[in-house]
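Presented below is the structure to which this report refers.
Just so it is clear, none of the values below were taken in a lab; they were calculated from the coordinates. The structure displayed is predicted, hence computed values, not measured ones. With ideal geometry, Cβ positions are generated from the backbone for all residues, glycine too; neighbour counts draw on all protein chains shown.
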Amino acid sequence: MMSIIIGMLILIIACFVTAKLMTYKYWTCIYTAFGHDNYFKVIAKLESEGVRFKTKTPMNLGSTDFQNRNKTTQYDVFVKKEDEQAAQRAIHSG
């Protein structure tokens with residue numbers, strides 16, 4: 001019984017990971033921000049230009065600096081491939 005449950009959990013996780021990878025197929029990482037301040041500056045620029053984006057935050061399992069995590073958290077910002085040029089212009093505009 002326990003092996004059936006474990007097998008089902010593995011199958012569910014595999015399906016979830018596959019679906020996640022497929023959704024990023026048409027998206028490209030245009031910016032990696034470290035810290036909340038940098039992240040919010042970048043997404044504010046994208047939002048002001050109407051560029052849709054997704055954010056991925058890789059897990060930093062080795063980090064023990066909880067007091068400064070708002071300064072060190074990594075945010076990968078993705079946009080659709082066809083919006084890449086508009087996103088770059090938005091990010092690098094004054």
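Assorted remarks:
- Between ILE13 and GLN88, residue separation times 0.36 nm minus the direct Cα-Cα distance comes to 23.6 nm.
- The modelled label-to-label distance between LYS80 and THR55, using points 7 Å beyond Cα along the C-beta direction, is 2.1 nm.
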